[in-house]
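Read-outs throughout are calculated quantities, based only on the coordinates presented, and are distinct from any laboratory measurement. Just so it is clear, the structure is predicted and the values come from calculations on it, not from any experiment. With ideal geometry, Cβ positions are generated from the backbone for all residues, glycine too; neighbour counts draw on all protein chains shown.
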Amino acid sequence: MCSDMKKHLCFWLCIAAYPLLFLSCAGLKKESGLDPVSEDFLSRVRYIITKEESKIFRELPPSARPRFIEEFWERRDPTPETETNEYREAYFERIEEANRLFRGAQPGWLQDRGRIYILFGPPNERQTNPMGGRPIDPYEDPKQSLEGTRVATGEKPTEVWVYYNLFSSFQQPHAVKLVFVDSQGTGNYTLTTDLDEISPSGLHTSFEPDLVFTHELYKEEAKKAALRSKRALFDFSWELLKVKNKEAGSNLSVLISLPYRKIIFGNDQGTLRAGLAFHLEIRDVSGTMVWQQDKDSQLEFKQAQLEQNKEDSWEMTVPVLRWLEKGRYSLYIRLENRTAGQLIEKLLKLKM
């Protein structure tokens, strides 16, 4: 335990060394129900955290969050065999650079130019036109050089960024042009280019954070990093069923669903096995234990059988054999795969 506490302390001391943590928090969105350290983490990684990671983090009990943060950066480390995490260092360095390069009503890293700079790095060409009007674009066909662009930008300050090989991990390299316009005159340039339209065909991004995009610095590691992330995220979905069963003295059941693809199975002479241990605690607003339950399950599959059912899920319904009166409660759920050392914890709120 002492060793773990030292690791967590060292991690945050390292992060604190980055000047970005002392920047103004103006414009940052507060995350309801989270402590300040957790809010700050989610804010700083807003461009690279996936929806699944964000969901898991928000449902964790506070004691489990430091370990999640460590593993978050480990999943993105292009060279895990070394002590340096080049990805994390590059990410925070780019935030510092964005704050230095892009002035405006918001800190540079929160602006569109900062967001693109952090994710894709500096452009190969940057054409600035701070006085408004139409910038000269060497990549545009002269036949298409009409007044439309001038009207669209409204003679506002404009920047055009050109990347030569932005999506070269997915297609043949070609130039990508991004247009930013300062429509309000505040120094905050808004991206007017539709990123979905310039993305490789079949890659529907909606500009959701993705490890592959932010690994452009380390293209050869992109697929490996994505695979590590997919396998490492051991998580289940849950549903609280307020079903009354007076005979059993129960008015709540907990439904757990765990996809088989999230489970690491052990191989025992051709039989794939995983031992799952479920633990549930319910406490009232005073912290008093109201009810708890432990339940173990053993999963066994043949390889071919698991392949056929890999998109299915293991499900378990646990009735709470205690009538819960009206009020607010907290549910602590822990699910462990003892076969492979996988563990996920959740701290949920309940109103009856």
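For this structure, a couple of remarks:
- Neighbour-count ranking [beta-carbon atoms within 10 angstrom, fewest first] of 320, 45, 285: 285, 45, 320
- Electrostatic bookkeeping for residue 290 treats Lys and Arg as +1 and Asp and Glu as -1; over the other residues with beta carbon under 10 Å from its beta carbon, the sum is -1.
- Length gained when the stretch residue 244-residue 84 is fully extended (0.36 nm per residue, less Cα-Cα span): 52.1 nm
- Ranked by how many other Cβ atoms sit within 10 Å of their own Cβ, fewest first, the residues 261, 94 fall in the order 261, 94.
- Considering only Cα atoms, the convex hull volume of the range 234-351 works out to 103 Å³ per residue.
- Formal net charge of residues neighbouring residue 277 (Cβ-Cβ distance under 10 Å; K, R +1; D, E -1): 0
- At R0 = 45 Å, FRET efficiency that the Cβ-Cβ distance of residue 194 and residue 328 yields, to 0.05: 0.50
- Karplus-derived HN-Hα couplings along the range 254-260 (A = 6.51, B = -1.76, C = 1.60, θ = phi - 60°), whole Hz, x at Gly and Pro: 10, 9, 10, 10, 10, x, 4
- Taking each of 326/349; 242/349; 244/346; 55/326; 242/351 in turn, the alpha-carbon distance tops 18 angstrom for 244/346; 55/326.
- Residue 54 paired with residue 285, simple spin-label distance in nm, labels 7 Å along Cα-to-beta-carbon: 3.0 nm
- Count Lys and Arg as plus one, Asp and Glu as minus one, and take only other residues whose Cβ is under 10 Å from that of residue 306; the net charge is then 0.
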